[in-house]
1. For segment 42-59, give me the residue count where each residue is surrounded by fewer than 20 Cβ atoms within 10 Å (Cβ to Cβ) and under 21 Å from residue 127 (Cβ atoms).
2. List the helices (runs of 4 or more DSSP H) that sit entirely inside segment 18-119 and contain at least 3 residues that are among the β-branched types (Val, Ile, Thr) and free of Cβ contacts under 8 Å to residues at least 60 places away in the same chain.
3. Looking only at segment 42-69, filter to residues that are under 23 Å from residue 113 (Cβ atoms) and among the acidic types (Asp, Glu); which one of those is farthest from the chain's Cα centre (by Cα)?
4. Give the residue that is nearest to the chain's Cα centre (by Cα), with candidates limited to residues of segment 23-41 that are surrounded by 16 or more Cβ atoms within 10 Å (Cβ to Cβ) and of a type in the set (A, V, I, L, M).
5. Kindly state which helices (runs of 4 or more DSSP H) lie completely within segment 130-199 and contain at least 3 residues that are exposed (fewer than 14 other Cβ atoms within 10 Å of the Cβ) and more than 23 Å from the chain's Cα centre (by Cα).
6. Scan segment 103-114 and give yes if some residue there is modelled with pLDDT of 95 or more, more than 30 Å from residue 67 (Cβ to Cβ) and surrounded by 17 or more Cβ atoms within 10 Å (Cβ to Cβ), otherwise no.
7. Please determine whether any residue of segment 18-35 is farther than 14 Å from residue 114 by Cβ, at pLDDT 95 or above and in contact with a Gly (Cβ under 6 Å, 6 or more places away or on another chain).
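The values are calculated or read from the model by the stated rules, or taken from the named source; none is laboratory data. Everything numeric here is computed off the predicted structure, so don't read it as measured data. Quick reminder, even Gly has a Cβ in these numbers, built from the backbone with ideal geometry, and neighbours come from all protein chains shown.
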Amino acid sequence: MYHSFHYQFRPPPMSRPRNFSTRAVVDTAVQTFWIGGLTGTSVDDLLRATGLSRSSLYNSFGNRERLLAEAVERYTDQQISALRQCFAQASWQEAVTALLHDAATRNHDGRGCLLVNAIGELHESGSVNVEVVRAAFARLAAALEACLREATSPAVDAAQICAALMASIAGLRTLQRAGLPLLQRQQAAARLAQALTAP
């Protein structure tokens with residue numbers, strides 16, 4: 001004997017709505033990687049900083065490396081925007097001087113540059129993320145060279161000044177983090193600025 005039954009359709013459960021801003025998560029990841037380092041920052045560190053669950057992080061970004069790449073890209077975008085603003089508000093000589101002075105004194109409140117900090121760290125570890133940082137450096141260099149080229153005359157070698165300026169900034173940031181006295185860093189920045197902006 002067959003028992004009759006009434007079939008009741010039940011719709012599949014809806015996926016849980018996303019209640020966080022992806023942009024805010026990436027911004028927080030920038031700060032977390034900046035403080036902890038690109039190799040030293042763990043998934044658990046990112047979860048604590050962002051407040052995300054593990055499943056939310058992986059569903060939104062795929063894995064830690066994808067979030068790292070987005071954080072590096074966001075940081076680079078921010079630095080390029082700051083560069084353009086600096087050159088828009090002053091002559092190129094004043095902009096170069098300001099960039100050097102900032103690296104020697106404030107240096108992102110002593111944290112240094114995320115990219116400069118990361119490149120040695122990643123190179124030594126053999127991490128695949130070193131290519132992400134190299135690509136970010138290339139973008140930053142291209143933006144700086146474009147700012148210089150737009151602001152200077154054709155007689156000025158913008159590519160050479162760009163390379164020398166990036167090397168000088170990286171060196172000053174390293175000296176600041178190493179604890180070289182402020183006055184010596186300021187004097188070094190002034191000499192570098194004079195050399196780079198001389199006619």
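1. Number of matching residues: 7.
2. Filter on segment 18-119 gives 22-36.
3. So, considering only residues that are under 23 Å from residue 113 (Cβ atoms) and among the acidic types (Asp, Glu), the one farthest from the chain's Cα centre (by Cα) is 45.
4. 30
5. 182-197
6. Yes, that holds for at least one residue.
7. no
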